[in-house]
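The values are calculated or read from the model by the stated rules, or taken from the named source; none is laboratory data. All figures in this text were calculated on a predicted structure; none of them were measured in a lab. FYI the Cβ positions are ideal-geometry reconstructions off the backbone, even for glycines, and counts take in every protein chain you see. Calculation scope for accessible area: heavy atoms of the full protein, side chains included, ligands and nucleic acids excluded. Shrake-Rupley method; radii C 1.70, N 1.55, O 1.52, S 1.80 Å.
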Amino acid sequence: MKEYDYLVVGSGLFGCVFAHEATKRGKRCLVIDKRPHVGGNVYCEKRENINVHKYGAHIFHTNDKTIWDYVNSFVEFNRYTNSPLAFYKNEVYNLPFNMNTFFQLWGVRTPAEAKEIIQKQIDSLHIEQPANLEEQALSLVGVDIYEKLIKGYTEKQWGRPATELPAFIIKRLPVRFTYDNNYFSDKYQGIPIGGYNKLTEGLLDGIAVRLGVDYFEEREQFEALADQIIFTGKIDQYYDYKYGQLQYRSLRFEHQTLDTENYQGNAVVNYNEAEVPYTRIIEHKHFEFGTQPKTVVTREYPEEWTPDKEPYYPINDQRNNTIFKRYQKLAVQESNVIFGGRLAEYRYYDMHQIIGSALAKVSDHFGD
Ligand code: UDP
């Protein structure tokens, strides 16, 4: 008999949830991660007594009460509501696109006036079936918003013309004809009080963890330890890139501690013009309504992924999706490996979706 029932490769949310649920069912799990800490990209690092979202801002939101109750059973969430600002040259706009944004753009005060302007712009373009992100954005909000608030940000973020990006990315952003700056339309939203580590460490409580180890460097030894594998890393790497490399978008985070109590007055400020090299500045203390004497801010610079960088976002264009499907065909044939999470499923998942997918795979696997 092997030492463990499951080897969980990667301690992000998918790995944590699977390990927790398997352990709850009496299984023996070993979780490994190449980083020196658990939690994947939701990991928070304390600086100046502020929980710094080291790998990018994470704001939890879901419509699913089961998922909300699940995360709240490990840590209490606060009432944080994401209301990012967009800076474009010398102008300041509210996001997501709503009546405040429309007033700031055109001076209109009623939904009817705003709808009329947007509809006129949409009609003049004659786009029947949006085929890419640019066409999708133009046919949702018209040319003014596209030019100021979408094109520059999107092309920086993805390093590609908006005409070469999939339309679904922009559907993440709501368009509202109410004065409502809440970025998400979900029923439940918040930040774990005390940071995300409480969630991931709570999920992994009592479970064996080995940090700072690379699965690919000792693959055979690790596989000898357990009957089954939960793999949450890059699926193309799992198969030794045999069908080619998938592309990812990476990010460089420039963290800075400032000797000021409040730098930008909001947790998230987007910089929407193409000329500013970063996409946003995060001021972490505002996620938890912090009153610390200093502040920590993070500038986010998008970059193309190379093997020395972190793969943050899958690039779900046609070329990559075609390659991914070939890997997926191999993956479904594996009898003792489960693939899950943003990298293994090559999907632009949010946290609540990862948890939902992990719980679904758990019940599928254990048949309960
Ligand atoms: N986006 C934009 N302008 C903004 C914010 C977002 O055009 O001010 C677009 C951009 O293409 C981005 C997508 O909307 O990739 C999704 O944004 P979201 O904030 O959901 O991205 P994430 O926080 O996951 O990076």
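In table form, for the structure just shown:
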item	result
Accessible-area composition of segment 226-368, carbon plus sulfur, in percent [1.4 Å probe]	45 percent
Residue-level accessible surface for C29, protein heavy atoms, 1.4 Å, Å²	10 Å²
Karplus-derived 3J(HN,Hα), 6.51/-1.76/1.60, for each residue of segment 147-156, Hz, glycine and proline x	5, 8, 10, 10, 4, x, 4, 5, 6, 5
Listed pairs K242/K309; K27/K198; K2/K46 exceeding 27 Å between Cα atoms	K2/K46
Restricting segment 128-224 to trypsin sites (Lys or Arg not before Pro) in coil, as DSSP defines it, with at most 15 other Cβ within 10 Å	K187
Convex hull volume per residue in cubic angstrom - Cα atoms of the chain	151 Å³
Charge dipole of the chain about the Cα centre (unit charges at C-beta), most positive-ward option of G159, L330, N182	N182
F253 accessible area, 1.4 Å probe, all protein chains in place, Å² to nearest 10	40 Å²
Under Karplus coefficients 6.51, -1.76 and 1.60, residue-wise ³J(HN,Hα) of segment 328-344 in Hz, glycine/proline x	4, 4, 5, 4, 5, 7, 5, 8, 10, 10, 10, 9, x, x, 4, 7, 6
Relative contact order (%) - criterion: Cα under 8 Å, at least six apart; region: segment 155-301	21 percent
MRE, 222 nm, helices only [DSSP H, n ≥ 4, -39500 (n - 2.57), over the chain, to nearest 500]	-9000 deg cm²/dmol
Magnitude of the charge dipole, the chain, Cβ model with Lys/Arg +1 and Asp/Glu -1, debye to 20	260 debye
Rounded accessible area per residue of segment 1-149, 1.4 Å, Å²	45 Å²
Loop-located GluC sites (Glu not before Pro) in segment 90-137, at most 16 other Cβ atoms within 10 Å (DSSP)	E128
Segment 215-288, dipole about Cα centre (Lys/Arg Cβ +1, Asp/Glu Cβ -1), debye to the nearest 20	260 debye
GluC sites (Glu not before Pro) within segment 181-249, DSSP loop, no more than 16 other Cβ atoms inside 10 Å	E218
